[in-house]
Structures are given as C-alpha cells and as structure tokens.
Amino acid sequence: MSRLVIVSNRVPAPVKEGAASAGGLAVALKAALEERGGIWMGWSGKSSENNEPGPLSLTGEGKITYALTDLTGKDVEEYYFGFANRVLWPICHYRLDLAEYGRKEMAGYFRVNRFFAHRLAPLLKPDDIIWVHDYHLIPLAAELRQMGFKNRIGFFLHIPWPPADVLYTMPVHEEIMHGLAAYDLVGFQTDHDLENFAGCLRREDMGDAIGDGRFTANGKVFKGGAYGISIETAAFAEFAKKAGSHHMVQRARQSIKDRDLIIGVDRLDYSKGITQRLDAFERFVVNNPAHQRKVTYLQITPKSRSEVPEYEQMQRTVAEQAGRVNGALGTVDWVPVRYINRSVSRPILAGLYRLAKVGLVTPLRDGMNLVAKEYVAAQDPEDPGVLVLSRFAGAARELKSGALLVNPYDIEGTANALARALNMPMEERRERWQRMMDYLLEHDVTRWCDDFLNDLAA
Ligand code: ADQ
C-alpha cells in the first residue's frame, strides 16, 4: 500500500487515537495515516517575526510525520485572511456581496501555494498518494505538476461549490478551475456541488462531464465525485450515552428543569444563519404562547476568524440580538436564549445534544454540516429529539427522510417547524430518528475516507 501524504491548511495537534477531544475528521485521517504510514503537512498557525518562514518542523508520532511550516505575516494576511477567507469562502457560500477582490491577496494565495509545494517536494516519494484538503490549497497540485511530480493527487473540498454565474464573478476563476483540473480526483460534499462544477467547466467551454465520474478539461481527463463527509457515528453515540453523568451536563439538566431545550452549535460565521435563527426562535415564542416560559434556546458559538471585519461585526450583531430577544421576551424567572461564546469539549457537547429536544441547524449555505449528524448520533433511541435542518446544508441531501427541512430565510416557516418539532408524537420522532441513524451508521467518516482513497488509488 502506498504511503499517504495529507496536506491541509491547519493540522490537528497530535492526539491519541480515539481521544475525546479530537473531531471525527482528524481521527479518521489519522487512522488512514497510521495504516499506510505517511505525512501530514500544513501551516503551523504561526507567523514568523522576521518575515522569513524558517525551517519546516518535523515531528513523528508512530507511523505519522507531522510537517509544519510557519508563514510570514504578509502570507497570512494575503493568503489566509485575504483570498481564502475574503474571496473563496464568501464566493463558495454564494455571498458575492462580501467578496473583496484585492490583487495583492490573489497573488499572495498563489504564492503561498507555490511555497507549500516547494516545502513538500523534498519529502515526497514517487509512489506516495497525496490528498489535499479544502479551498486554501486548490492550486497545490498544479504547482507540484509544474515541478514534475507524477504522483496520484486528490483534492477534497469541504465547502460548497457554487454555480458558474457565482464563480465567474471572481477575477481569477480560470486559474482556480485549472487548479482543480490538475488533480486526478476532485471530491465534493454533494452531487449538487459536483453538478455546479460540471456547469462551470461547460460555461467557458473548458470541458465537461464524460460519464463514469470522469471529466475533461483542456484535453486532460480526471475524476470527480460526491463524497459526503461524516462523523464517527457509533463512537459519538457512545460518548453521548455516557455523557449524562458528566457534572457539566448534570448542571445543565438541573438548570433547564422541566423546560424543553433547543440547541444550536456553530462557529460564529455568517454562513451559519445565526441571526435568522434567533429571529425564528423569537417568532416561534410569540406565535406559540403555550410554549412561553417552557422552552430554552441554547446557542453555543465560539468566535472564529475575528481578524476578518465581517466576523468582528457579526460578533456584535449576534450578541446584541440575543440580548434584545431576552429583553423583549424574558420574565423575572425565564431567560429564553442562553448564548455562549466558547468551545465546549466533545463529551459535554454530546451530552448537551442528547438533552435537547430539538437540534436547530439552519445554515444559509453549508458544505455538509457535521453538527446535524452529531445531534442525530447523540440522541436517546427511546426518546429521540427532532432535527430541524436547513435545506441549504449538504447534510439535508442525506438526512431529508428524517429531519424537518426548512428554508432558513423563511422566518415564519422555521418558527412553524420548531412548533411542529416540539409537539411531535413519540412514534414519529422514533421513526424519523431511526431512518437518519441507520444512514449515519452505514455512512460514517471511516467509510468517507475509504471511499475517497479507493477511488483515488483506482
Ligand atoms: P465548519 O464550517 O466548521 O466545517 P461543521 O461541519 O458544522 O462546520 O463542523 C463544525 C465542527 O466543530 C463540529 O464537529 C462541531 O461539533 C464543532 N463545534 C462547533 N462549535 C463548537 C463548540 N462551541 N464547541 C465545540 N465544538 C464545536 C467545514 C464546512 C462544513 C463541513 C466541515 C467538514 O463548512 O460544511 O461539514 O467543514 O467537512
């Protein structure tokens, strides 16, 4: 079996396999690396002080070598906060209004990708299989090809892929499309993203789908597919079962008393639809007097990318809105919204999901959304809660048989779905949950990883 080389912008800290703190993706990729032996390369998260990136730092753990590089302050500014997070992220989430096309940032993005390729090159062996992750590193394969590397190289995009009309507003869209075509396999979260990609190829007569999951672009043939990412379903369910005895989860349970809990868990990001969700919760309470004082909405939202102005602005907007809703609806003995700006550990998170009667997952656009899957896996099979899920999350394509799908822009519709979820009879809740859980047990993150790597190696 060939050695595996994974490249992603950030590399999770070395943790023991199955450790409670690691997310499913890190656990699955580490398992694949352990099996084949390999390298995980990425940015250290640090910027060097003297504008020299310094040497590559190599550390070993079992059969895995972690290769981390610093970047210069200028690199971080232009590549990470600039092009990746102020152009590609908003464009891929259909937010043309938020994209900032600075020439400097675009150049910085391609420059850092070339730099990554040069850092990686001395570590590569001819039969290594290389798996590149996410929007930060689209041009990496093209850079490696230019340097003469013939290895199998695959790419997985964790975020949505937009239609041509959206993508082509971006000045360097051609380079980005050529960048993708340099891979042997390009993986998207859903068939919808894959169709959008084919549409982008067709729009500028660059290429097309030619059947059997193959595409042409500029005379070259490569593969593309939909590989919906998932979680460690069985392990997460086990966490959630045990988490009831955790003192934090017990405290949460006592504090809720006989109220119904609705839970939302997201990074603070405009794609997650948090302000629309707060509006929908408010509308639900106003429209349903019987639920007043009988429900608590817990929103757990760690800050993210605070250096990007839109995110900093959003921190203020959401905090103000949560305060306003509490001021308008709250009573001396009832705080309707509990808003927490921190991460919580995975076992506690699993326990809180299980306490909640409703998982409210309403992104405006999301590649997959693992919170939706974690919420389902954490439920008590005897008394499961209801998933209220945005139709614009990739997860909706997999969980539509069990979740209540909503349009997050439709505040009244989401409010109605909340009422329906909280009033749903036990039998219907069990049936819906079972359908989703059966799917997730079969399609877990290990299967996602194996499917992608098998197709890349084939
Ligand atoms: P994200 O946008 O980060 O991921 P998501 O898929 O929901 O979104 O993953 C978030 C992860 O962080 C989940 O495992 C969740 O439990 C965890 N998390 C969130 N808030 C937390 C908190 N307060 N405390 C602890 N943990 C928290 C991107 C794409 C998604 C895609 C994933 C994986 O945007 O669409 O599903 O990558 O491909």
- Message: Can you tell me which condition Asp70 does not meet? The list is (1) touching a Lys or Arg at 6+ places or on another chain (Cβ under 6 Å); (2) free of Cβ contacts under 8 Å to residues at least 12 places away in the same chain, and all the others hold.
- Response: (2)
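Residues are listed down the side, and each one gets a yes or a no for (1) in contact with a Leu (Cβ under 6 Å, 6 or more places away or on another chain); (2) farther than 13 Å from Arg338 by Cα; (3) among the small types (Gly, Ala, Ser):
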| residue | (1), (2), (3) |
| --- | --- |
| Leu261 | yes, no, no |
| Arg267 | no, yes, no |
| Thr275 | no, yes, no |
| Leu278 | no, no, no |
| Arg283 | no, yes, no |
| Val286 | no, yes, no |
| Pro289 | no, yes, no |
| Tyr297 | no, no, no |
| Pro309 | no, yes, no |
- Within segment 386-398, tally of residues that are in contact with a helix residue (DSSP H, G or I) (Cβ under 7 Å, 6 or more places away or on another chain) and surrounded by 24 or more Cβ atoms within 10 Å (Cβ to Cβ): 7
- Message: Any residue that is in contact with a Ser or Thr (Cβ under 7 Å, 6 or more places away or on another chain) and aromatic (Phe, Trp, Tyr) - is there at least one of those in segment 82-100?
- Response: no
- Task: Would you be able to say whether some residue in segment 283-296 is in the same structural domain as Gly367 (by the TED database) and within 16 Å of the ligand (Cβ to nearest atom)?
- Result: no
- Task: Would you please list the contacts, defined by Cβ atoms under 7 Å and residues six or more apart or on different chains, that run from a residue in segment 392-420 that is more than 13 Å from Arg283 (Cα to Cα) to a residue that is more than 16 Å from the ligand (Cβ to nearest atom) and in a strand (DSSP E or B)?
- Result: Ala396/Leu405; Leu404/Val386; Arg420/Leu404
- Query: For segment 311-333, does any single residue satisfy the condition of being touching a residue at least 60 places away in the same chain (Cβ under 8 Å) and assigned by the TED database to the domain that holds Leu268?
  - Reply: no
- So, of the residues in segment 167-186 that are of a type outside the set (Phe, Trp, Tyr) and touching a Lys or Arg at 6+ places or on another chain (Cβ under 9 Å), which turns out to be farthest from Ile229 (Cα to Cα)? Pro171
- Query: For segment 211-232, which residues satisfy the criterion of being modelled with pLDDT of 95 or more and not small (Gly, Ala, Ser)?
  - Reply: Arg214, Phe215, Thr216, Val221, Phe222, Lys223, Tyr227, Ile229
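Can you tell me which residues in segment 322-378 are charged (D, E, K, R) and within 11 Å of the ligand (Cβ to nearest atom)? It would help to see each step written out before you state the result.
Of the residues in segment 322-378, the ones charged (D, E, K, R) are 324, 333, 338, 342, 346, 354, 357, 365-366, 373-374.
Hits for segment 322-378 are Arg342, Arg346, Arg365, Asp366, Lys373, Glu374.
Could you check segment 18-99 for strands (runs of 3 or more DSSP E) lying wholly inside it with 1 or more residues that are surrounded by fewer than 19 Cβ atoms within 10 Å (Cβ to Cβ) and at positive phi? Reasoning before the result, please.
Details: elements: 38-48, 57-61, 64-72.
Strands (runs of 3 or more DSSP E) meeting the threshold: 38-48.
Condition test on Val286, is it more than 22 Å from Asp380 (Cα to Cα) and out of contact with any Asp or Glu (no Cβ under 9 Å at 6 or more places or on another chain)? Show your work before the answer.
Details: more than 22 Å from Asp380 (Cα to Cα): yes; out of contact with any Asp or Glu (no Cβ under 9 Å at 6 or more places or on another chain): yes.
In short, yes.
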- Item | Subset of segment 250-268 [within 16 Å of the ligand (Cβ to nearest atom) and closer than 20 Å to His291 by Cβ] | Ala252, Leu261, Ile262, Ile263, Gly264
- Task: Identify all residues within segment 211-242 that are of a type outside the set (A, V, I, L, M, F, W, C) and part of a strand (DSSP E or B); write none if there are none.
- Result: Gly211, Arg214, Thr216, Lys220, Lys223, Gly224, Gly225
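Taking Phe239 as the residue in question, decide whether it is at pLDDT 95 or above and either in the same structural domain as Tyr339 (by the TED database) or more than 16 Å from the ligand (Cβ to nearest atom) (or both).
Numbers: at pLDDT 95 or above: no; either in the same structural domain as Tyr339 (by the TED database) or more than 16 Å from the ligand (Cβ to nearest atom) (or both): yes.
Taking the combined requirement at face value, the residue does not satisfy it.
The values are calculated or read from the model by the stated rules, or taken from the named source; none is laboratory data. If you're wondering where the values come from, they're calculated on a predicted model, not measured in any experiment. Backbone-built Cβ (ideal geometry, glycine too); neighbour counts: all protein chains shown.
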